[in-house]
Structures are given as structure tokens and as C-alpha cells.
Amino acid sequence: MSEQEDNLDLERADAFSIPVAPAGYKSGFIGIIGRPNVGKSTLMNQLVGQKVAIVSPVAQTTRNRLRGILTTPEAQLIFVDTPGIHKPHHQLGKVLVKNAQIAIQSVDVLLFVVDGSVEAGGGDRYIVDLLTHSQMPLVLGLNKIDQQSSNYHQIEDTYANLAGPHNWPIVKFSALNGDGLEALQKFLIDRLEPGPYYYPPDLVTDQPERFIMAELIREQILLLTREEIPHSVAVTIEKVEETPTITRVFAAINVERDSQKGIVIGKGGIMLKTIGSAAREQMQKLIDGKVYLELFVRVEPKWRQSRSRLAEFGYRVEE
């Protein structure tokens, strides 16, 4: 590289507040993959030290490839939280699984997260088959060790049988309480190559604020309605007005049927008010200031089957 190109890189780094990494510094992208509901989003939030991904007991919470950024004195780790890999039943599901598979091919290290409180199942073996020909470094992460029962040796043996033929190292941890995450972090850093800062060191996600706001609303819908409104909801931020004293957010909750609209609104509007109040609290933590949140609900029939609606709501196959 010429001196002129070196100077250009320095200018570009300075323009985006990205410092030049010291000699020997490591960095890279780490794909977090696994079945739905094994704790991938909880894990990423714990690793970056801040809530950047929504968490729900409902499977398939994550829809977009969400990046969480952890910068340490030794390395910058960019975690890519992918949708759970599963058999899709609609166009949205196909997009989610396709994006997860793309992520497998476009990162530097893979972290395959499994539920260490139960034995390995068919879903785990399906993912192993997908990874059989992958040449990139992989770590098998046994999550939920805080929930293990007395037969944990038998459970762990089933995962050792999956990892053994591929010589994948196994790291045990609890994303919920943080046990074992320091060892996991070291394992991942050891597998990264020397590289630059990709993002400013104080950044924890590359997603725009509006995206996080919409996700915080969707999280409360999943938590409060559970199985009644499983995955037929999409949230769009229609408008954000900022003043020195308050941020006003106007958001639409899109559902597929009139009956779902009634559930989201609730008797006398109580459910919508509860969703809004809980989401507003989370938003105020996000922006560190007062938030006024106005929600309205609209019916968009079969939006999960429509390519145009999926794209409009931000769900598209990533390159």
C-alpha cells in the first residue's frame, strides 16, 4: 500500500471516529447460530453489555441479522445474531432461514449455540449437517447450564457426540447469569485474525435507533400476548419528532386479521396502553431521555406471504 493510500485510510478512520488499531489487535465477525429459542439474543446482549436484541420466550424472536459490537483492549468482536434455523412455513420464514444461512458463509467465526438443559435433538443435528462442509472456525456453546438437572452428564454427552467428529471445542455458559462468558469470550478472540477496528470503540450496535425502537415495541407485544399474536405482527416507526425536552415516536403495529387487532388493542384499549407503557420505558433507557409514544394498529392481510409487504416492513434476503 502506498503512502498516499495509508494517509487516505487514516483520514477515513478519523472522519468516522474510528481509531487505528494497535499492532497485533484482533477483530472479526462472529455468527451466532442455533435453533429458535436457545438464548442467542440473550447471549449477545450479555456479551456487549447492553440490550441491543429483543428477548422473548416465544421462538423466532429475531428476524433481522442484528449486529452487536464488543470492543475490548485486545479485540473488537462483531456478533451477528441470526434468526433461529428451522423449517419455514411461510415467505417470512423462508427469508429468515435464508438470511441465517447467508450469515454462516459471511463471518469469520461461528458460535453454534445449543440448549444445554436438554439433550441434542433433530434441529441441532440438522444444523450440524448444514455446517459439515464449513471450513471456518466454530465453537459449540452449551447455554443454559444454570438450568441443568442431575442427569447433565448424559445431556452433555449428546452434544459431545455432535462436536467430536468435527473437533469443535465446547464451551459451557449461562447467558442468563453470565457464568462462563469470560471463557467464551477468550475462546472467540483466540480464533480471530489480526484486524482493524470496524466500528468506533464506544458503539454497541450498527442498527439505526428507529429499528431498535420498533423492536422494543414488538418485544412487548410478544411478551404480553404470547401465543395469541405469535409472529403475525410487524412494527413500523412512522415518525420521530425530537425536541430538547422530549422525543415523540409514532408507530404502527401491523397484524394480519381483525381478531388480532382486537387482541392487541384489548378491552377498552388496556392491552395497547400496557404495550405502549412498557415499550416507552425501554425507549427512554435507549435514548436516555423522555419519550412520548403513540401506537396505532392496522390490519395488513397475509403480509407474511407478500414479498412487497415483507420488503416494506424491512424483511428481505440479505446479500
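Checking each residue of the stretch 284-294 against the condition of being within 22 Å of the chain's Cα centre (by Cα), in a strand (DSSP E or B) and surrounded by 12 or more Cβ atoms within 10 Å (Cβ to Cβ) gives no match.
Kindly indicate which of Ile253, Ile221, Ile189 is surrounded by 14 or more Cβ atoms within 10 Å (Cβ to Cβ), in contact with a strand residue (DSSP E or B) (Cβ under 9 Å, 6 or more places away or on another chain) and within 28 Å of Leu77 (Cβ to Cβ). After applying the criteria, what remains is Ile189.
In the set Ile145, Ile78, Ile85, Ile127, only one residue is among the aliphatic types (A, V, I, L, M), under 13 Å from Pro36 (Cα atoms) and at pLDDT 85 or above; that residue is Ile127. Here Ala252 meets the list (1) at pLDDT 95 or above; (2) not in a helix (DSSP H, G or I) almost entirely, failing just condition (1).
Only residues that are in a helix (DSSP H, G or I), closer than 21 Å to Lys40 by Cα and charged (D, E, K, R) were counted in the stretch 143-201, giving 5. When Glu215 is tested against the conditions (1) without any contact (Cβ under 8 Å) to a residue 24 or more places away in the chain; (2) acidic (Asp, Glu); (3) assigned to a helix (DSSP H, G or I), the lone failure is (1). Within the stretch 111-123, restricting attention to residues that are out of contact with any helix residue (DSSP H, G or I) (no Cβ under 6 Å at 6 or more places or on another chain) and crowded, with 23+ Cβ neighbours inside 10 Å, the residue that is farthest from Thr158 (Cα to Cα) is Leu111. Among the residues of the stretch 295-308, just one is part of a loop (DSSP other than H, G, I, E, B) and small (Gly, Ala, Ser), namely Ser306.
Within the stretch 22-36, one or more residues are surrounded by 14 or more Cβ atoms within 10 Å (Cβ to Cβ), modelled with pLDDT of 80 or more, out of contact with any helix residue (DSSP H, G or I) (no Cβ under 9 Å at 6 or more places or on another chain) and more than 14 Å from Val204 (Cα to Cα).
The values are calculated or read from the model by the stated rules, or taken from the named source; none is laboratory data. Only a predicted model underlies this, so the values are computations on that prediction, with no experimental measurement involved. Cβ atoms come from the backbone with ideal geometry, glycine included; neighbour counts cover every protein chain shown.
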